[in-house]
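Peer 1: This is the structure I want to talk about, given as structure tokens.
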Amino acid sequence: MIMKKFINSRENISKELHEGFAAANRDLVILKPGNIVINKNLETADRVTIVTLGGAGHEPALSGFVGDGMVDVSIVGDIFAAPGPNACIEGLKLADKGKGILFIVLNHAGDMLTGDLVMEQVSKSGMNVKKIVTQEDVSNAPRSDSDNRRGLVGVIPAYKIAGAAAAEGKNLDEVALITQKFVDNMATLAVAARGATHPSTGIMMAELNEDEMEIGMGNHGEGGGGRQIMKSADETAEIMLNVLLKDLSVKPGEKLMLILNSVGATTLMELFIIYRKCDQLLKTKNIEIAANYIGELLTVQEQAGFQMFIARMDDELLRLWNAPCNTPYFKK
């Protein structure tokens, strides 16, 4: 397959996309050397701050959520690659306002390696940092083995919960406890109908036949063992939603957040058709959708498919989800 993308030199993709991102959002963010994106109002922050790391290529994640009420510092690596520990330490130093830092990391091998190395250095530096890991992909490990679950789109609402708790003036222990409660009560399942090409190498990241889809696809085209003949929207929605409800042991009368995240090439038309079926199914089960989002939060280049996310909600989490925020790609 010939890769057709509007890029310049392949080795400068991450650098150039962040220069463009910062130029387009200069009222909200500042770009520091090393692909470190910071909240423009960070300098005056008198509260717990939120820091994250990850690879480029998933736009608007992760830097699209830097701003008031969500992330304060995003440290970004090359395409689908974690940044190095030194850049992360620099990002944490920028975020350190004396009230503590919540460091949110997605469960992927490179991100976790960097995150662990960073925390080793932090323990010697005197900075007050707590790490939260998002690991909600139900397809590659059971809930009892959650350390082996990949982090998918759930990291974005986790930023929102953490950022809102910090904005309320809660201390680091409180922010971490609330965020962990949310993270422990979320689940995601992804499906792909077509793979993406890696913009730096041109390699097709997941090859599917024209009549196939795969349930359980990861953020980088990793297979999930659910390859099957393409199903209709209603069939796909029912298969995926039932898996998620079972994983979280959701009972009638409970409140959920439901997110449908397009991973790049799937249209809003398709997402709304999927959402329609989810809404119908949950009503028959007496389960309320108390919060939702339909659109692109975390993409995989031009991969076709979506990630279905649910989280168990209570009054505190709903208040934090609905609290004001102002970032390039999420506002309330």
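Coordinate-derived values only; no laboratory data. From a predicted model like this one, the values you see are computed outputs, not experimental measurements. Don't worry about glycine lacking a Cβ; one is built from the backbone with ideal geometry, like all the others, and counts go over all protein chains shown.
Peer 1: In what sequence do ILE7, ILE101, ILE50 fall when counting other Cβ within 10 Å, fewest first?
Peer 2: ILE7, ILE101, ILE50
Peer 1: Hey, another quick one. For the chain, modelled as a GNM with alpha-carbon contacts under 10 angstrom, which of GLY115, GLY253, GLY305 fluctuates the most?
Peer 2: Highest fluctuation of the listed residues: GLY253.
Peer 1: I've got another one for you. Among MET213, MET204, what is the fewest-to-most ranking by other Cβ atoms within 10 Å?
Peer 2: MET204, MET213
Peer 1: Set the Förster distance to 22 Å, then compute FRET efficiency between GLU288 and ALA323 from the Cβ-Cβ distance, nearest 0.05.
Peer 2: That pair, GLU288 with ALA323, gives E of 0.65.
Peer 1: Sticking with this structure for a sec: Lys and Arg at +1, Asp and Glu at -1: add these up for the other residues within a Cβ distance under 14 Å of ALA162 and post the number.
Peer 2: +1
Peer 1: Another question, then. What does the extension gain come out to for ARG26 and ARG10, with contour length at 0.36 nm per residue minus their alpha carbon separation?
Peer 2: Taking ARG26 through ARG10 to full extension adds about 3.3 nm, to one decimal.
Peer 1: Note the direction-averaged projected area, equal to a quarter of the hull surface, for the Cα convex hull of the chain, in nm².
Peer 2: For the Cα atoms of the chain, the hull's average projected area reads 15.7 nm².
Peer 1: While we're here: Can you check how the C-alpha radius of gyration of region 186-314 compares to 2.2 N^0.38 Å, as a plain ratio?
Peer 2: 1.04
Peer 1: Residues with beta-carbon under 15 Å from that of MET240, excluding MET240: net charge, scoring Lys, Arg +1 and Asp, Glu -1?
Peer 2: Result for the neighbourhood of MET240: -3.
Peer 1: Calculated FRET efficiency, ILE229 and GLU302, Cβ-Cβ r, R0 25 Å, to nearest 0.05?
Peer 2: 0.65
Peer 1: Can you give me the Cα centroid spacing of region 212-244 and region 246-308 in angstrom?
Peer 2: Cα centroid of region 212-244 versus Cα centroid of region 246-308: 13 Å apart.
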